[in-house]
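> The structure's right below; bear with me while I get my questions together.
The values are calculated or read from the model by the stated rules, or taken from the named source; none is laboratory data. Keep in mind that this is a model prediction, so the values were computed, not measured. Glycine also receives a Cβ, built like all others from the backbone with ideal geometry; neighbour counts cover every protein chain displayed. Keep in mind that these areas ignore ligands, DNA and RNA; they rest on the heavy atoms of the full protein, side chains included. Shrake-Rupley method; radii C 1.70, N 1.55, O 1.52, S 1.80 Å.
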Amino acid sequence: MQIERLELRLLKLPLVQFFETSFSRVVEKQFLLVTLEGGGLTAYGECVADVDPYYSSETNDTAWHVISAFIAPRVLGVELAHPREVFPALKAIRGHNMAKAAVEMAAWDLYARQQGQPLTRVLGGTRDRIASGVSIGIQDSLDQLARKVEHELAAGYQRIKIKIKPGWDVAAVETVRARFGSVPLMVDANAAYTLADAAHLAALDRYGLTMIEQPLDYDDIADHAALQRQLATPICLDESIKSVHAAEQAIAAGACRIINIKPGRVGGYAESIRLHDLCARHGIPVWHGGMLESGIGRAANIHLATLENFSLPGDIAASQRYFNPDLIDPPIVVDADGTIAVPQEPGLGVSIVPDRIDRATLRRAVFVAPLASSAVSRGV
Ligand code: NPQ
Ligand code: MG
């Protein structure tokens, strides 16, 4: 397999509703879309970096720079026997996992299309439906939060995650438990607390949460291990798990009992599979995280979430919670039982609407495979 052409676009899509975390409130999503061509086929990879370096250090601009200057020249025109060769080929580039993942996942899509197989099959997936949960942002009032939870439970979602931060935590959980009883419930702090908050966080233990996600700093492992010793609620790490190696250290330290896998955070599908397998060996359940992806990245997530050890509902919800219209048609839908059907057409298996991509495009560049020895890249 050869990647002959790589197109990079910066897209902007309005969100159906604002989304607030402990680090920011967003009303639109800007992200890079990588389109690869090879052997007469076209494949896609969505980059999960954001405008700001608030969830992670990467941004759309850093990803644009690193893909253009360092990743494209290392993959264009190179003979690849399998997309698992992409991540090792990028070893010289330190970090920038979201930039790497966007290209690597597009390479898997290209490979799957060449094989005439849905991504789930080439990734080693074992199910044709995945369990769906929702992530509910910080709201303007507890009443508003209760209305949101009611709406999502009625839609069938299998578990509720609410975002928390200091000042929006115990009362928010109390509100959901008081109104909705023992529904599967978890919280995500996006690194908003410190170890000095341990006693405060232990007040959440009485609510029977399935987990507390990333309570402490974005790159911390040791403090999470200390916190886990003081909490009955299982800790799930998100931001801190930037590599398979970090996961090994976190598991050995007892820093978490559950891990959230986002392929963008670890550098793509191949690293996600390694992380998934590591967790399975250690009895650590995993679930698939979300980054407010369009239907393209959402479909990519659905395929990965079909692997065996994704045993908890993921942050992979219906398109309409985020984008209307989405970049794909039909959109991703959640059935009344809170599951999503896995696309069965080749590759991502969703149908992308080129016109909607064009209308969302803010910026575009094309890179082609080197002719003879001189690398050609031209902005268009
Ligand atoms: C999380 N996502 O699990 C992330 C955080 C997050 C669905 O809870 C733009 C880009 C906005 C990335 C908002 C969910 C974002 C973003 C939230 C990531 O921690
Ligand atoms: Mg999270």
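> Does Pro330 qualify as being over 20 Å from the mean Cα position of the chain (by Cα), more than 16 Å from ligand 2 (Cβ to nearest atom) and either more than 21 Å from Leu10 (Cβ to Cβ) or crowded, with 21+ Cβ neighbours inside 10 Å (or both)?
yes
> Moving to a separate point now. Name the helices (runs of 4 or more DSSP H) wholly inside the stretch 141-244 in which the number of residues that are surrounded by 15 or more Cβ atoms within 10 Å (Cβ to Cβ) is 3 or more.
Output list reads 142-154, 170-180, 222-228.
> Also, I was wondering about something else. Kindly indicate whether Thr62 is among the hydroxyl-bearing types (Ser, Thr, Tyr) and open to solvent by less than 50 Å² (accessible area, probe 1.4 Å).
Spelling it out, Thr62 is indeed among the hydroxyl-bearing types (Ser, Thr, Tyr) and open to solvent by less than 50 Å² (accessible area, probe 1.4 Å).
> Would you be able to say whether some residue in the stretch 272-289 is under 25 Å from Ala341 (Cβ atoms), open to solvent by 10 Å² or more (accessible area, probe 1.4 Å), within 14 Å of ligand 2 (Cβ to nearest atom) and not small (Gly, Ala, Ser)?
Among the residues of the stretch 272-289, not one is under 25 Å from Ala341 (Cβ atoms), open to solvent by 10 Å² or more (accessible area, probe 1.4 Å), within 14 Å of ligand 2 (Cβ to nearest atom) and not small (Gly, Ala, Ser), which makes the answer no.
> Can you name the residue in the stretch 24-44 that is crowded, with 16+ Cβ neighbours inside 10 Å and within 16 Å of ligand 1 (Cβ to nearest atom) and, of all such residues, is farthest from the chain's Cα centre (by Cα)?
Val26
> Another question, then. Here is a list of conditions, (1) open to solvent by 60 Å² or more (accessible area, probe 1.4 Å); (2) small (Gly, Ala, Ser); (3) more than 27 Å from His245 (Cβ to Cβ), and Ala92 meets all of them except one; can you say which number that is?
Here Ala92 clears every test but (3).
> Scan the stretch 317-324 and tell me whether some residue there is within 15 Å of ligand 2 (Cβ to nearest atom), touching a residue at least 24 places away in the same chain (Cβ under 8 Å) and small (Gly, Ala, Ser).
Yes, because at least one residue in the stretch 317-324 is within 15 Å of ligand 2 (Cβ to nearest atom), touching a residue at least 24 places away in the same chain (Cβ under 8 Å) and small (Gly, Ala, Ser).
> Still on this model: Given (1) of a type in the set (Asp, Glu); (2) within 16 Å of ligand 1 (Cβ to nearest atom); (3) in contact (Cβ under 8 Å) with a residue 60 or more places away in the chain, where does Asp219 come up short, assuming only one miss?
Going through the list (1) of a type in the set (Asp, Glu); (2) within 16 Å of ligand 1 (Cβ to nearest atom); (3) in contact (Cβ under 8 Å) with a residue 60 or more places away in the chain, Asp219 breaks only (3).
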